[in-house]
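Novice: I'd like to ask you about the structure that follows.
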Amino acid sequence: MESYLEENFGGVKAKNSSEEALRRWRRLCSVVKNPKRRFRFTANLDKRGEAQAIKHANHEKLRVAVLVSKAALQFLHGLSLRSEYVVPEEVKAAGFQICADELGSIVEGHDSKKLITHGGVDGIAAKLATSQTEGLSTAEDNIKRRQDIHGINKFTESEVRSFWVFVWEALQDTTLIILAVCAFVSLVVGIAMEGWPKGAHDGLGIVASILLVVFVTATSDYRQSLQFKDLDKEKKKIQVQVTRDGFRQRISIYDLLPGDVVHLAIGDQVPADGLFISGFSLLINESSLTGESEPVAVNEDNPFLLSGTKVQDGSCKMLVTTVGMRTQWGKLMATLSEGGDDETPLQVKLNGVATIIGKIGLFFAVITFIVLSQGLFGKKYHDGQLLSWSGDDALELLEHFAIAVTIVVVAVPEGLPLAVTLSLAFAMKKMMNDKALVRNLAACETMGSATTICSDKTGTLTTNHMTVVKACVCGKIKEVNGPQNASKLCSELPDIVVKTLLESVFNNTGGEVVINQDGKYQILGTPTEAALLEFALALGGDFKAKRGETKIVKVEPFNSTKKRMSVILELPGGGCRAHCKGASEIVLAACDKFIDETGSVVPLDKTTSEKLNGIIDSFASEALRTLCLAYREMEEGFPATEQIPLQGYTCIGIVGIKDPVRPGVRESVATCRSAGIKVRMVTGDNINTAKAIARECGILTDDGVAIEGPEFREKTLEELLELVPKIQVMARSSPLDKHTLVKHLRTTFNDVVAVTGDGTNDAPALHEADIGLAMGIAGTEVAKESADVIILDDNFSTIVTVAKWGRSVYINIQKFVQFQLTVNVVALLVNFSSACFTGNAPLTAVQLLWVNMIMDTLGALALATEPPNDELMKREPVGRTGKFITNVMWRNIMGQSFYQFFVMWYLQTQGKSLFGLEGSETDIVLNTIIFNSFVFCQVFNEISSREMERVNVIKGILKNYVFMAVLTSTVIFQFIMVQFLGEFANTTPLTRLQWLASVLLGLAGMPIAAAVKLIPVGSS
């Protein structure tokens, strides 16, 4: 079976599956009882096609708009323009001078002519009654007026489907429809033959069973849909930095309004349509909107920013003009949300299992109907009454047909693929509580197979709360962890050095020091930038005053490839100065001078260079992150189009930043090791810092290799084959190094790789990995969008929790499959063999529907929602090549099936003498005992299925409330069905002895299951 599934249903991957693979498995699912339910949680490929068409149209529209805009600008150069735009009265009354449609046409159409006629960005800001420096006023009436006129920043979403929609979909089941027709015919013929109410019992029994199945199924599906809706809302939560009332603050993307001033940096998503106010080196990736991968430079000449695009480089301030469904992104998102998520590999495989078993079930159902009916036809033929049919004959034939249809109901395990969804929905909800937000459904199950985790260092293994604790300035090493030490250092340094140091820190930064709403200083920016700014403030610096002394001409932001950030300043006395900071050994290598103890600039000779490199190594060996700060005097009038020079700098100093290891990381790494998961650290930091942290975390062992990115890049393929399995630490790595390592691990070594990332440049590695894990706090929107799971607290221990949940999902589904296949096999064999050898079926349509519900919806609820335990992390991972239906499962299925079939067959043949049954009621009493015993066999088999290999299946059972509730309700309803619903369920009340016998026969399955588990089989 496994090879058939792999060949026909194995084309779907955990992510990035081809459309052909997604379509192929759908075509192969020939036996489907209820397509609406079976394919509910699969991608809508037609809607995706529509979304691609919108992207293509956007690309063409923008291309034409840009060409027209350029031509118009050339034509209009030097002309004075008058606007023919008339402000609508309701817009004027609200205090604005421009409406939403006009704003939309300017930005979306890249209409430079209209922008100029409205007075450029300044004019638009004035007409929107906002300030480019102070931002919006948050007075309640102002916010309300803006929302009324310009709309809110939310997209149209598909409505939450009501419970009755799920009831209607559950009723679409072909077999249930056929049974309903049978019930109707049974009612009509029964009432005509025996009158009301006696003649209606059989028909009403089937109707009641159908309604029970439908309502239980619909309730389960409805709850799942609500869980997915909640998780979908969480996925879309994005916080943005804005200025309002003159203060910088973070607000939800949904609260943005036209007139807001938004601050964007590398990796951010543009949250609405808008106009560029000011910024540096801004490159926008518009591929999400247009499919065009080439980045677009946005500046004063091309100020148009479109919602949903990503900041690839640089930073800027933006004026929001259009929000929500008025933007192209809003329209695209509305279509994309209807496209749905890709189905997971397990869902597809289980659809394959359901199809195979469905075909077998259909075959047996047809044979059963033929065997049951041939007795009736044979008797009619023998009596010469083949053309003479009574109502009783019709009812008997109808009953045979109902039994055949019900065999299909039981035999086609429609619930298998849906059990995956149920288990994933349950796990995703619980993982959310454990600080992990799953964006891609398949990531849950894939994480359970992970064999390698490639983790970042900063913020994942460490706390990301950074402070400058050591500094080497003017050749002196000083402890600076505290305001007193910092002020002491300041008093010992020449004034010119302090001035240059503060100028470097305050200007060459991606962070800011602002006054918050409480009137206190607040440092904004990455933890590294915040640590440096805090250090500069401790030295007595004034951020705003220092920034006001010079003018920033050009900024080259930090990225993982250059490992440095540079800025050009225009000095008040004329001339320019470049400041550079970044990876210590890289920036120091760019220096040819340094500042000595007297504050004089002197050449950097070999001895001093070696001494400074030694200081870098000594800082790094103390697990400190090191940065080197340098400057270079430039000629006046530096052209902004040129690259900032890479050489000829003067070293100002080296700082050591402490970023402590997170509590619990060492234990989590040890847990991974015992679970067979290798943890590798991939960082852009200094190799000595990385090694020190890796040892502290327990990642770097004596036989492990620590290597730097540049050295890794130089290795040949043969060398990599030997090296890659041993790599435990990769330092000074570029995004390409990370991507290469992940690719080798996945393709060459067949590992299932989980990768963490937080920056824009991590996106390729996150995309390449089997499971991309983005950081929720430090992660950029680009990284989060490329990831499958967002770690909300940026903590490595949470990643281990995700792995544990992944394993739990995988094993829970295996348990359910084992349980359901056992019921399938036994129900098929019992009814088929009985029909062949005795001419009647012991389990009626109503009883089989009840059994179907126990094994399908209720079984999935009980077994697919088992919470994870610590034992899961003490076994080897499944990996890429592990079979889903293992030898262990087949052993358990065969053992239990054989026992249950033996019990059923023995009761059928010897039951009457065993229980001393005599008289006219013997057949119905015996069939009730068989039915009761069969149900209790499933109840105790459900308990045995909690563990596939361990004998102790009772451990922790009382803590699983869902399991206990399902078990209790099954037993209670079975009692009611046997004792009180005999007319409808074809049962009769049993004696205490008969009840005891039924329960004991079911209970005996548990020691049988335990004994079977002791039979050794191959692991796969």
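Novice: Among the residues of the stretch 571-622, which ones are in contact with a Phe, Trp or Tyr (Cβ under 9 Å, 6 or more places away or on another chain), buried (at least 18 other Cβ atoms within 10 Å of the Cβ) and among the β-branched types (Val, Ile, Thr)?
Specialist: If the condition is that a residue be in contact with a Phe, Trp or Tyr (Cβ under 9 Å, 6 or more places away or on another chain), buried (at least 18 other Cβ atoms within 10 Å of the Cβ) and among the β-branched types (Val, Ile, Thr), then 587 is the only one that fits.
Novice: Scan the stretch 936-959 and tell me whether some residue there is part of a helix (DSSP H, G or I), open to solvent by 60 Å² or more (accessible area, probe 1.4 Å) and either assigned by the TED database to the domain that holds residue 850 or closer than 26 Å to residue 864 by Cβ (or both).
Specialist: Checking the stretch 936-959: at least one residue is part of a helix (DSSP H, G or I), open to solvent by 60 Å² or more (accessible area, probe 1.4 Å) and either assigned by the TED database to the domain that holds residue 850 or closer than 26 Å to residue 864 by Cβ (or both).
Novice: If I ask for residues that are within 24 Å of the chain's Cα centre (by Cα), under 25 Å from residue 879 (Cβ atoms) and hydroxyl-bearing (Ser, Thr, Tyr), which ones from the stretch 704-763 would you list?
Specialist: Scanning the stretch 704-763 gives 740, 747, 756.
Novice: Looking at (1) part of a helix (DSSP H, G or I); (2) buried (at least 17 other Cβ atoms within 10 Å of the Cβ); (3) within 46 Å of the chain's Cα centre (by Cα), which one does residue 432 not meet, given that it meets all the others?
Specialist: Against the list (1) part of a helix (DSSP H, G or I); (2) buried (at least 17 other Cβ atoms within 10 Å of the Cβ); (3) within 46 Å of the chain's Cα centre (by Cα), residue 432 comes up short only on (2).
Novice: Could you go through the stretch 224-243 and let me know if any residue there is of a type in the set (Val, Ile, Thr) and touching a Phe, Trp or Tyr at 6+ places or on another chain (Cβ under 8 Å).
Specialist: no
Novice: Being more than 17 Å from residue 395 (Cα to Cα), of a type in the set (A, V, I, L, M) and buried (at least 17 other Cβ atoms within 10 Å of the Cβ) is the filter here; which residues of the stretch 361-375 pass it?
Specialist: Answer for the stretch 361-375, where residues must be more than 17 Å from residue 395 (Cα to Cα), of a type in the set (A, V, I, L, M) and buried (at least 17 other Cβ atoms within 10 Å of the Cβ): 362, 365.
Novice: Same structure again: Name the one entry in 178, 149 that is assigned to a helix (DSSP H, G or I) and closer than 30 Å to residue 100 by Cα.
Specialist: Going through 178, 149 in turn, just one is assigned to a helix (DSSP H, G or I) and closer than 30 Å to residue 100 by Cα: 149.
Novice: Has the stretch 633-643 got any residue that is modelled with pLDDT of 90 or more and outside the structural domain of residue 698 (by the TED database)?
Specialist: yes
Novice: Another question, if that's okay. Kindly indicate whether any position in the stretch 635-651 is surrounded by fewer than 22 Cβ atoms within 10 Å (Cβ to Cβ), assigned to a strand (DSSP E or B) and not β-branched (Val, Ile, Thr).
Specialist: The answer is no; no qualifying residue exists.
Novice: Taking the stretch 428-451, which residues are modelled with pLDDT under 85 and hydrophobic (A, V, I, L, M, F, W, C)?
Specialist: Selection gives 428, 441, 442, 443, 444.
Novice: If you don't mind, there's one more thing I want to ask. For the stretch 235-314, give me every one of the strands (runs of 3 or more DSSP E) that falls completely inside it and has 2 or more residues that are surrounded by fewer than 21 Cβ atoms within 10 Å (Cβ to Cβ).
Specialist: Because the criterion is at least 2 residues that are surrounded by fewer than 21 Cβ atoms within 10 Å (Cβ to Cβ), the strands (runs of 3 or more DSSP E) in the stretch 235-314 that meet it are 239-244, 247-252, 273-285.
Novice: Oh, and also: Among the residues of the stretch 205-234, which ones are under 30 Å from residue 185 (Cβ atoms) and surrounded by fewer than 18 Cβ atoms within 10 Å (Cβ to Cβ)?
Specialist: Within the stretch 205-234, 208, 211, 212, 215, 216, 219 qualify.
Novice: Let me ask another. Determine which member of the set 350, 336 is open to solvent by less than 40 Å² (accessible area, probe 1.4 Å), modelled with pLDDT under 85 and in a helix (DSSP H, G or I).
Specialist: The match here is 350.
Novice: Sticking with this structure for a sec: Taking into account only those residues within the stretch 751-792 that are of a type in the set (Asp, Glu) and under 12 Å from residue 456 (Cβ atoms), which is least open to solvent (accessible area, probe 1.4 Å)?
Specialist: 762
Novice: Okay, moving on. Answer yes or no as to whether residue 481 is touching a helix residue (DSSP H, G or I) at 6+ places or on another chain (Cβ under 9 Å), open to solvent by 10 Å² or more (accessible area, probe 1.4 Å) and polar (S, T, N, Q).
Specialist: No.
Novice: While we're here: Residue 568 - would you say it is part of a strand (DSSP E or B) and in contact with a Leu (Cβ under 7 Å, 6 or more places away or on another chain)?
Specialist: no
Novice: Take the residues of the stretch 529-546 that are over 42 Å from the mean Cα position of the chain (by Cα) and among the charged types (D, E, K, R): which is surrounded by the most Cβ atoms within 10 Å (Cβ to Cβ)?
Specialist: 546
Novice: Pull out all pairs, ordered by first then second residue, where Cβ-Cβ is under 8 Å, the residues are six or more apart or on different chains, the first lies in the stretch 952-978 and is within 27 Å of residue 928 (Cβ to Cβ), and the second is open to solvent by 80 Å² or more (accessible area, probe 1.4 Å) and of a type outside the set (Phe, Trp, Tyr).
Specialist: Cβ pairs passing all conditions: 964/958.
Novice: State whether one or more residues within the stretch 242-260 are more than 20 Å from residue 144 (Cα to Cα) and modelled with pLDDT of 90 or more.
Specialist: Scanning the stretch 242-260 turns up no residue that is more than 20 Å from residue 144 (Cα to Cα) and modelled with pLDDT of 90 or more.
Novice: Follow-up. Return the residues of the stretch 278-308 that are over 18 Å from residue 105 (Cα atoms) and in contact with a helix residue (DSSP H, G or I) (Cβ under 6 Å, 6 or more places away or on another chain); say none if nothing qualifies.
Specialist: Once the filter is applied, which keeps residues that are over 18 Å from residue 105 (Cα atoms) and in contact with a helix residue (DSSP H, G or I) (Cβ under 6 Å, 6 or more places away or on another chain), the stretch 278-308 yields 291, 292, 293.
The values are calculated or read from the model by the stated rules, or taken from the named source; none is laboratory data. As the structure is a computational prediction, the values presented were derived from the model and not from experiment. Please note: Cβ atoms are built from the backbone with ideal geometry, for glycine as well, and neighbour counts cover all protein chains shown. Note: accessible area is taken over every heavy atom of the protein model, side chains too, but ligands, DNA and RNA are not part of it. Shrake-Rupley method; radii C 1.70, N 1.55, O 1.52, S 1.80 Å.
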